[in-house]
Amino acid sequence: MNHHEHYDDVMCGIGDLGKVIPGTIGGFFTMHKEALADGALSKCEKELMALAIGIAVRCGGCITCHVKDALAAGATPEQVYETIGVAILMGGGPAAVYGNEARKALESFVAAPV
């Protein structure tokens, strides 16, 4: 599965889960929107923070989604690469493995933006 398909799969899957537990998923999406809204930190900065956490906690879906959303919010590839570096600092060897997944997602989304 490529990263574009993975993004769609993650988002559709959460949407399907929302049909079963609408209150929980609706609440999650409300929190997601509010937490990532521009404020003292920009949406772009917040997406990069979310990406770093996704790498450190080894969440493949989070990585794919936050790479795509960081780029959409204006992050440059260089900013994404630096974010990967910080995540590796905080998460060690396992984060290096997931950091590489972020690199692959980045390259995929930069090569064929949606």
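Every number here is computed from the coordinates shown, using simple stated rules; none is lab data. Just so you know, these numbers come straight off a predicted model, no measurement behind them. When we count neighbours, we look across all protein chains shown, and the Cβ atoms used for this are built from the backbone with ideal geometry, even at glycine.
Helix 60-72 and the longest principal axis of the C-alpha atoms of the chain enclose an angle of approximately 80°. Relative contact order of segment 3-111, taken over Cα pairs closer than 8 Å and 6 or more residues apart, is 28 percent. Summarising the label geometry, the points placed 7 Å from Cα in the beta-carbon direction at Glu78 and Phe28 lie 3.6 nm from one another. Within the chain, Cys12, Cys44, Cys65 have no other Cys Cβ under 4.7 Å of their Cβ and so lack a disulfide-compatible partner by this rule. Hey, what angle do you get for helix 22-35 against the long axis of the chain, alpha-carbon based, 0 to 90 degrees rounded to 10? Its long axis makes an angle of about 40 degrees. Simple point charges give the picture: +1 on the Cβ of Lys and Arg, -1 on the Cβ of Asp and Glu, and for the chain a dipole about the Cα centre of about 180 debye. What the phi angles of segment 76-81 give under the Karplus curve with 6.51, -1.76 and 1.60, with θ = phi - 60°, is a coupling list of 8, x, 4, 5, 5, 4 Hz, glycine and proline written as x. Length available on full extension from Arg103 to Asp9: 0.36 nm per residue minus the Cα-Cα distance, which gives 31.9 nm.
Would you mind giving the average projected area, over all directions, of the Cα convex hull of the chain in nm² with one decimal?
7.1
Selection among Asn2, Pro94, Ala72 by position relative to the dipole of the chain gives Pro94 as farthest towards the positive end (Cβ unit charges, Cα centre).
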